[in-house]
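Data block below; observations after.
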Amino acid sequence: MFSSEPSLLFVFDQGLATLAMALRSVLEAFSLATVLLGLLITLRQAWQGWRVRRRGSTAFQAVRLTFGSWLAMALEFQLGADIVATSTSPTGAHLVQLGVVAVIRTLLNVFLARDLEAEASHRSLSPEGRP
């Protein structure tokens, strides 16, 4: 009976590792899909802006904010994937990767929030409510 316990613990540990690898793969796939979808939406927005001849810094700012928002969402998925990887096998490389993604995500979110706030105040100051 005593010899079956380590075997059961080993099976549970292996199952948990397999589940974590699968979850990490799913989260990384969501991250990639989010970047791709964001790129397509941003290109569509830029194309529509170009077609109606809406150029200038406000049009560029809107396109940049759109893509930045999608990148921030992709980084959230990537951060989740790195958290899963680090929780199951906390190697030094995983910890560094987790830290780098967390810093990039935080900086992107700070600057994106600042730009969105500036854009909102700019829209509220314009006479028609839009640039």
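Tabulated results
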quantity	calculated
Filter pass, residue 23 being hydrophobic (A, V, I, L, M, F, W, C), surrounded by 13 or more Cβ atoms within 10 Å (Cβ to Cβ), part of a helix (DSSP H, G or I) and in contact (Cβ under 8 Å) with a residue 60 or more places away in the chain	yes
Which listed residue is closer than 23 Å to residue 118 by Cα and either in a helix (DSSP H, G or I) or open to solvent by less than 40 Å² (accessible area, probe 1.4 Å) (or both), from 84, 63, 35	63
Subset of region 1-17 (residues that are at pLDDT 85 or above and among the hydroxyl-bearing types (Ser, Thr, Tyr))	7
Hits in region 87-127 - residues which are among the polar types (S, T, N, Q), touching a residue at least 24 places away in the same chain (Cβ under 8 Å), outside any loop (DSSP other than H, G, I, E, B) and farther than 30 Å from residue 58 by Cβ	87, 88
Residue identified as surrounded by 15 or more Cβ atoms within 10 Å (Cβ to Cβ) and either at pLDDT below 85 or among the small types (Gly, Ala, Ser) (or both) among 93, 72, 113	72
Test: residue 29 is in a helix (DSSP H, G or I), open to solvent by less than 40 Å² (accessible area, probe 1.4 Å) and either touching a residue at least 60 places away in the same chain (Cβ under 8 Å) or among the small types (Gly, Ala, Ser) (or both)	no
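The values are calculated or read from the model by the stated rules, or taken from the named source; none is laboratory data. Computed from a prediction, not measured in an experiment: that's the story for all the values here. Counting neighbours? That spans all protein chains shown, and the Cβs are built from the backbone with ideal geometry, glycine included. Note: accessible area is taken over every heavy atom of the protein model, side chains too, but ligands, DNA and RNA are not part of it. Shrake-Rupley method; radii C 1.70, N 1.55, O 1.52, S 1.80 Å.
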